[in-house]
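Quick note: the coordinates plus some simple rules give every number you see, no bench work behind them. Treat the numbers as computed from the prediction; the structure is a model and nothing was measured. All Cβ positions, glycine included, derive from the backbone under ideal geometry; neighbour counts span all protein chains shown.
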Amino acid sequence: MMDIKIESGKEKMSFMKYVLLDIKSIDFADQFYRYSSEKDLSPLTESIRKVGIVSPLIVEYKARSAYRLVTGFRRFQCLRNLNLQKFPALVADSAHSEEELLQISLQENLSVRSLNPVEISSLIQLLENNFSQTKEGIVKNYFPLLGRGRNPRVYDLYKPLKILPHEWQQAIIDEDVAVETAFEIAHEPRDVQLAFLDLIQSLRLGRNRQREFWMLIKDIARIQNREIVKFLDSQNLREIVTSEKLTPAQKTERYKTELWKLRYPRYSEVKEKYEALLRRAKLPPDVHLQPPSYFEGEKFSLTMTFKTVDDLAEKLKILERNNVDVFQKMIDLI
């Protein structure tokens with residue numbers, strides 16, 4: 001047994017005892033200090049099998065020869081998977097307050113990695129439930145440690161992540177979905193959450209697309225007075241997602257077009273007619289005709305590039321040749 005000195009304040013010095021503990025002495029059900037998320041433990045388990053525990057776990061004495069973990073929840077699970085009976089640990093003495101031990105846990109984690117968004121959400125919940133911390137206190141005292149500044153908006157975004165289904169939490173950890181998307185859907189029914197996550201992963205939607213699609217889907221379901229899950233399972237949308245002829249990018253564009261048709265039927269109709277007329281105009285590749293934004297307004301924009309006066313004259317002839325009628329029809333669409 002060895003005493004290790006830990007400085008935890010200017011006026012006092014606290015100690016931790018280095019000991020070998022029996023795995024059965026840990027009350028693993030007591031996860032008072034835990035905020036780490038679940039992940040694949042195979043690499044860590046294999047490392048411990050080969051070289052053992054490099055960094056001792058930190059534990060707190062409870063009563064009747066029982067301890068609870070302060071740090072090392074993943075390492076402890078690996079020990080159990082390997083059926084190891086003894087492990088090295090640092091036992092905190094009574095001079096350590098619970099908040100000091102949490103600070104030590106955070107410093108240990110942050111010295112080797114950043115917390116993912118789900119872990120930050122778990123930490124918020126832990127601080128509020130176990131340490132009676134307020135939103136203001138968490139933002140002021142803990143967020144700077146996490147590299148999140150002191151922005152209350154960040155607190156609002158991250159707090160609901162812990163209540164999401166496991167599938168969503170894993171997608172956040174894997175960076176398949178944006179925190180902003182998760183925030184938008186956090187309070188939706190579980191079946192809606194899982195249906196939309198399936199769409200995100202099937203189409204491989206990027207962060208901007210995720211929010212755009214969600215807002216369109218929610219609006220359409222509201223306008224049509226339909227359940228979101230049933231809307232997402234409609235035949236035309238399902239056929240796009242399951243098509244074997246389209247690439248993910250093509251599926252995304254086709255799906256977006258379908259959503260816009262349903263959400264903005266007039267705009268979609270005018271857009272289709274305009275694009276058909278534009279094809280009829282057969283403009284050169286370096287001549288571009290843009291309609292008013294969302295076809296709301298009166299002015300079109302024409303841009304072109306040319307190298308010589310003759311090149312310009314030729315392009316102007318193309319614009320005049322047989323296109324007056326087409327251009328008039330474009331104007332009439334507005």
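Placing pseudo-labels 7 Å out from each Cα toward the beta carbon at Asp93 and His166 gives an inter-label distance of 4.2 nm.
Here the Kirkwood formula, the inverse mean of 1/r across different C-alpha pairs, assigns the chain a hydrodynamic radius of 25.2 Å. A dipole drawn for the chain from +1 and -1 charges on Cβ atoms has a positive end, and of Leu319, Asn83, Leu246 the residue lying farthest that way is Leu246. Compute the angle between helix 248-263 and the longest alpha-carbon principal axis of the chain, please, reported from 0 to 90 degrees and rounded to the nearest 10. For helix 248-263, the angle is close to 70 degrees. For q = 0.14, 0.19, 0.28 Å⁻¹, what log10 I(q)/I(0) does region 114-163 give under the Debye formula with an equal point scatterer on each alpha carbon and no solvent? Each listed q corresponds, in turn, to -0.27, -0.51, -1.18.
Any idea what the dipole of region 218-326 comes to, in debye rounded to 20, about its Cα centre with Lys/Arg Cβ at +1 and Asp/Glu Cβ at -1?
On the way: 22 positive and 18 negative charges, 71 e Å.
So the magnitude is around 340 debye.
Dipole orientation for the chain: of the candidates Asn116, Tyr255, Phe73, Tyr255 has the Cα lying most toward the positive pole (charges on Cβ; Lys, Arg +1; Asp, Glu -1). As a proxy for reagent exposure, Lys17, Lys299 were ordered by neighbouring Cβ count within 10 angstrom, fewest first; the result is Lys299, Lys17. Calculation over all alpha carbon pairs of region 178-263 in 10 angstrom steps from 0 returns a P(r) of 17, 57, 25, 1 percent. Note on Thr247 and Glu46: their simple-model spin labels are 3.4 nm apart, each label 7 Å out from Cα toward Cβ. Go through Ser36, Ile23, Ala92 and say which Cα lies farthest out towards the positive end of the charge dipole of region 2-113; charges sit on Cβ, +1 for Lys and Arg, -1 for Asp and Glu. Ranked along the dipole, the leading option is Ile23.
Go ahead and collect, in residue order, the members of region 254-297 whose backbone nitrogen is under 15 Å from a label point 7 Å along the Cα-Cβ direction of Phe306. Answer for this model: 284-288. Each Lys and Arg adds +1 at its Cβ and each Asp and Glu adds -1 at its Cβ; summed about the Cα centre, the chain shows a dipole of about 260 debye. Here region 229-323 yields Rg over Rh of 1.13, to two decimals, using C-alpha coordinates and the Kirkwood radius.
Charging the Cβ of each Asp and Glu at -1 and of each Lys and Arg at +1, and nothing else, the dipole of region 178-263 about its Cα centre rounds to 220 debye. Axis angle, to the nearest 10 degrees, between helix 265-281 and the longest C-alpha principal axis of the chain: 60 degrees.
When all alpha carbon pairs of region 279-333 are counted in 5 Å bins from zero, the resulting P(r) reads 4, 17, 28, 25, 16, 8, 3, 0 %.
Per DSSP H run of at least 4 residues, take -39500 (n - 2.57); add these up for the chain, divide by its residues and hand me the 222 nm value, nearest 500 deg cm²/dmol.
Values: 16 runs with 176 residues, N = 334.
Taken over the chain, the calculation gives -16000 deg cm²/dmol.
Can you work out the FRET efficiency for the pair Arg204 and Asn130, with r the C-beta to C-beta distance and R0 = 56 Å, to the nearest 0.05? After rounding to 0.05, the efficiency reads 0.90. Derived from the Cα gyration tensor, the three semi-axes of the equivalent ellipsoid of region 59-108 are 21, 14, 7 Å, largest first. With the simple model of a label 7 Å out from the Cα in the direction of the Cβ, Arg64 to Val112 spans 3.3 nm. May I ask for the angle, rounded to the nearest 10°, between helix 207-224 and the longest principal axis of the chain, with both axes built from Cα atoms and the value confined to 0 to 90°? For 207-224 against the chain, the angle is about 70 degrees.
Extension gain, Tyr294 to Lys86: 0.36 nm times the residue separation minus the Cα-Cα distance gives 68.0 nm.
Distance from the Cα centre of region 51-68 to that of region 188-248, in angstrom? Cα centroid to Cα centroid, the span is 47 Å.
By how many nm would the segment from Asp27 to Arg190 lengthen if fully extended, with 0.36 nm per residue of separation less the alpha-carbon distance? Working shown, then result.
Numbers: separation 163, 0.36 × 163 = 58.68 nm, distance 3.20 nm.
Contour length minus the Cα-Cα distance gives 55.5 nm.
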